[in-house]
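A quick write-up on the structure given underneath.
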Amino acid sequence: MSEITTSSARQKAPRRLTKAVALSLLAATFSILTSTISPVAVAGASDTTSVQMTETQVRAEIAAVTRWQLENPRPYKTNCTSGGTIYQSVPSLPWYNYLGRNDSNANCNICNGYNGQEWCGHFARFVWDKGGAYDVAQKPSNYASSQAWRTGVGNRFHAYSTSILPKQGDVLVWSNNSDSSRGHVAVVVAVNTTNRAITYIGGNEGVNGNSDSIVLHSDYWTNMDVSMSGKTFRGFASRF
């Protein structure tokens, strides 16, 4: 299986910024959520949009679709058996959405097609496919592996540098210190260029003792080298 890292090892408590920065980031994400979003994207159905969108529009839609996964009930199973009961999550706003019951850790939800695989890479693929015009060439072919977002997108991967900020819709990549072939990814939903702070959301994380969660984080870009315990931040992949 491409992504082996256990979700419980990924999560640390959401980082807190200064009040001014946090309010600025919340204003930015509110602007995303109140912008016009295609019903196809929000519903999570296959993207059949044929209208050409600008890069800025696509990035904003990816961010909006990502945030929508955090804030709304999402389908999941407690095991991956065919015909198993499909439940709906109950978001715990503003920080996380747990796609499981009693810490079932089943890795079975709409993002990975209920296939039981670790799903942070599936989550990034899911929101990229739902946000803006679909292009199969834009995501890594082995998107289920977190490190494919670093090695499988050519020059659209940007190694971490404090002087280069990501944009909405970019995918952040970490690798495990114990095994650099494995790690984690998350999607950028807001960037404050003045304070150099970002908000990002990851799937298949653990919070409050529950794994299989979608989790919101906020952090200063200069702190990304210590953003997740036991992992090294590598940089970000762009769709453009």
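Computed from the coordinates by the stated procedures, all read-outs in this text should not be read as laboratory data. None of these values were measured; they are calculated from a predicted model. Note: ideal-geometry Cβ built from the backbone for every residue, glycine included; neighbour counts use all protein chains shown.
With each label modelled as a point 7 angstrom along the Cα→C-beta vector, the M53-N195 pair spans 2.7 nm.
For segment 142-209, the C-alpha radius of gyration divided by 2.2 N^0.38 Å, with N the number of residues, is 1.17.
All C-alpha to C-alpha distances of segment 82-240, sorted into 5 Å bins beginning at zero, yield P(r) values of 2, 9, 18, 22, 21, 16, 8, 3, 1, 0 percent in whole numbers. Residues whose amide H comes within less than 5 Å of that of D170, counting only those at least five positions distant or on another chain, are V188 (H built at 1.01 Å from N in the peptide plane).
Protection proxy ranking, highest mean first, for peptides 146-158, 54-66: 54-66, 146-158, where packing is the per-residue count of other beta-carbon atoms within 10 Å, averaged. With θ taken as phi - 60° and the Karplus curve 6.51 cos²θ - 1.76 cosθ + 1.60 applied, the whole-hertz 3J(HN,Hα) list for segment 143-156 is 4, 5, 8, 4, 6, 5, 6, 9, 9, x, 10, x, 7, 8 Hz, x standing for glycine and proline. Segment 206-229 to segment 59-104: how many Å between their Cα centroids? What the calculation gives is 17 Å, centre to centre. Annotation: amide H of Y114 within the under-5 Å range of N109, sequence separation 5 or more or interchain, hydrogens built in the peptide plane.
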